[in-house]
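The values are calculated or read from the model by the stated rules, or taken from the named source; none is laboratory data. This structure is a prediction, so every number in the text was calculated from the model and none was measured. Using ideal geometry, Cβ is built from the backbone for each residue, glycine included, and neighbour counts are taken over all protein chains shown.
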Amino acid sequence: MNKPFSIYLDLVRFSAAVLVYFYHSNQRFLSTELLPASHFGHSSVIVFFVLSGFIISYITDTKENDWRVFMASRFSRVFSVVVPAILVTLLADGIGRQLYPAIYSGYPFDQFGLRLLASSLLMNETWLISVTFFSNVPYWSIGYEWWYYMAFACLHFLRGRSAWLAFAAIFALLGPKLLLLAPIWWLGVLLHRWRSLAQLSAPAALLGLLASIAGIVAFHWLDVEAACSAWLSDQLGAELHRNLTFSKFFLSDYLLGPLVFLNFACMRVLATRAGAFFQAIERPTRFLAQYTFTLYLLHQPLFLFWGAVVRGNPGTPAYWLSVTALTFATVGLIGHFTENKRGLLRDWALTLLRRGQAPQRHYT
């Protein structure tokens, strides 16, 4: 992966997390006016999925080509944030509900054992069951991504029939919701594996980039997501459509995913031609990107908590801005001690996985 393209992906990753924040914080108790750029929430998750598939394919091809290293790295990457997210969500919801119960009226706060178990196992969205993790609505997607990692590992590290049996077993266990969005994630794998795409000419790449941007703009301008979801609801019935929860947008996701794929494929070629620009923004982009996962997985319980603490006037922008500043500051503090220290967790996990490994014999 060339360096300018890597910086571009980090920029996209952080920007997508911010858009998800805008989407979820677009609540009337924080602002009586609709927030700008606040309707790209699910679309941003689709960007994450394509990007995730690309990165996982890339790192297993270059750095994590041993299953122990892969598992230790994925475990540390996910659980360095998942564990704090579980604890912070419980604490923030518990306090926030006492301070300002009205803003939590739409979020569950019951069945603690079930919600903790499902969230700890990353199985909140199994078959047609959806177990919301209290106020932490964005938590759903990490349960998808983690099992996509595991499914990919089955095909990459196992051999023959056992690889496909393990792959099929994962989706048989988890059900149709994860299967419906899996092609979006695998688009990222295809982007990395389809090497001839990296040889696109600059004019072709520029044309493809403009087409992807135009397509993404048209997708949102025409509200394709809502139209496809409404049509699918008519075909499946309202109850089954509702039970698909976040996978109920899969038809429109199949349109948006290829546009994101095209954007990434073309920017991989064009980014090198804008190397000076990406070099200039590298330091702030890398700094912000290292907090992306923490921002994504903690922002909703945090902004609800700070909203309950501040109790400002939603008729002025100061309330939303102050809550946002406190949320981002808290994300920075938590991320500094969790996500940015995941190397320690990775080393611990790798040590455990390597115990009992047969020592290599050297012959002379």
Next item on the list: Find all pairs meeting these conditions: Cβ atoms under 6 angstrom apart; at least six residues apart or on different chains; first residue within segment 133-156 and hydroxyl-bearing (Ser, Thr, Tyr); second residue in a helix (DSSP H, G or I).
Entry: 135/93; 135/300; 135/301; 135/304; 141/45; 144/178; 148/185; 149/74
Next item on the list: May I ask you to list the residues in segment 131-162 that are in a helix (DSSP H, G or I) and either surrounded by fewer than 15 Cβ atoms within 10 Å (Cβ to Cβ) or on the phi > 0 side of the Ramachandran plot (or both)?
Entry: 155, 160, 161, 162
Notebook entry, point to check: Do any residues in segment 3-14 that are at negative phi have Cβ atoms under 7 Å from those of residues that are charged (D, E, K, R) and in a helix (DSSP H, G or I), where the two are at least six apart or on different chains, and which pairs are they?
Noted result: 5/268; 7/282; 10/286
Next item on the list: Go through segment 244-300 and count every residue that is under 28 Å from residue 232 (Cα atoms) and hydrophobic (A, V, I, L, M, F, W, C).
Entry: 11
Next item on the list: Kindly list the number of the only condition in (1) more than 19 Å from residue 136 (Cβ to Cβ); (2) not β-branched (Val, Ile, Thr); (3) not in a loop (DSSP other than H, G, I, E, B) that fails for residue 326.
Entry: (1)
Notebook entry, point to check: For residue 74, all conditions in the list (1) farther than 30 Å from residue 268 by Cα; (2) crowded, with 21+ Cβ neighbours inside 10 Å; (3) of a type in the set (D, E, K, R) hold save one; what is the number of the exception?
Noted result: (1)
Note to self: I'd like to check something: does segment 184-193 contain any residue that is within 20 Å of residue 260 (Cα to Cα), loosely packed, with under 15 Cβ neighbours inside 10 Å and either in contact (Cβ under 8 Å) with a residue 60 or more places away in the chain or not hydrophobic (A, V, I, L, M, F, W, C) (or both)?
What the structure shows: yes
Checklist line | Any pair with Cβ under 7 angstrom, 6 or more apart, that starts in segment 26-48 at a residue that is within 26 Å of residue 250 (Cβ to Cβ) and ends at one that is charged (D, E, K, R) | finding: 42/225; 46/253
Margin query: Quick check on this structure: which one of 278, 250, 337, 305 is over 30 Å from residue 223 (Cβ atoms), among the hydrophobic types (A, V, I, L, M, F, W, C) and modelled with pLDDT of 95 or more?
Written below: 305
Notebook entry, point to check: Quick one: is residue 130 polar (S, T, N, Q) and over 30 Å from residue 295 (Cβ atoms)?
Noted result: no
Checklist line | Residue check for residue 229: under 23 Å from residue 144 (Cα atoms), free of Cβ contacts under 8 Å to residues at least 60 places away in the same chain and in a helix (DSSP H, G or I) | finding: yes
Check: Here are some residues: 5, 29. Which one is out of contact with any His (no Cβ under 8 Å at 6 or more places or on another chain) and in a loop (DSSP other than H, G, I, E, B)?
Finding: 29
Notebook entry, point to check: Among the numbered criteria (1) within 27 Å of residue 29 (Cβ to Cβ); (2) crowded, with 21+ Cβ neighbours inside 10 Å, which single criterion is violated by residue 309?
Noted result: (2)
Next item on the list: Take segment 97-112 and flag every residue that is surrounded by 17 or more Cβ atoms within 10 Å (Cβ to Cβ) and part of a helix (DSSP H, G or I).
Entry: 97, 103, 104
Next item on the list: Could you tell me which numbered condition residue 48 fails, if it satisfies all but one of (1) part of a helix (DSSP H, G or I); (2) touching a Gly at 6+ places or on another chain (Cβ under 6 Å)?
Entry: (2)
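A quick yes/no check of all residues on (1) part of a helix (DSSP H, G or I); (2) of a type in the set (Gly, Ala, Ser); (3) in contact with a helix residue (DSSP H, G or I) (Cβ under 7 Å, 6 or more places away or on another chain):
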{"site": "164", "(1), (2), (3)": "yes, no, no"}
{"site": "171", "(1), (2), (3)": "yes, no, yes"}
{"site": "177", "(1), (2), (3)": "yes, no, yes"}
{"site": "190", "(1), (2), (3)": "yes, no, no"}
{"site": "209", "(1), (2), (3)": "yes, no, yes"}
{"site": "225", "(1), (2), (3)": "yes, no, yes"}
{"site": "233", "(1), (2), (3)": "yes, yes, yes"}
{"site": "246", "(1), (2), (3)": "yes, no, yes"}
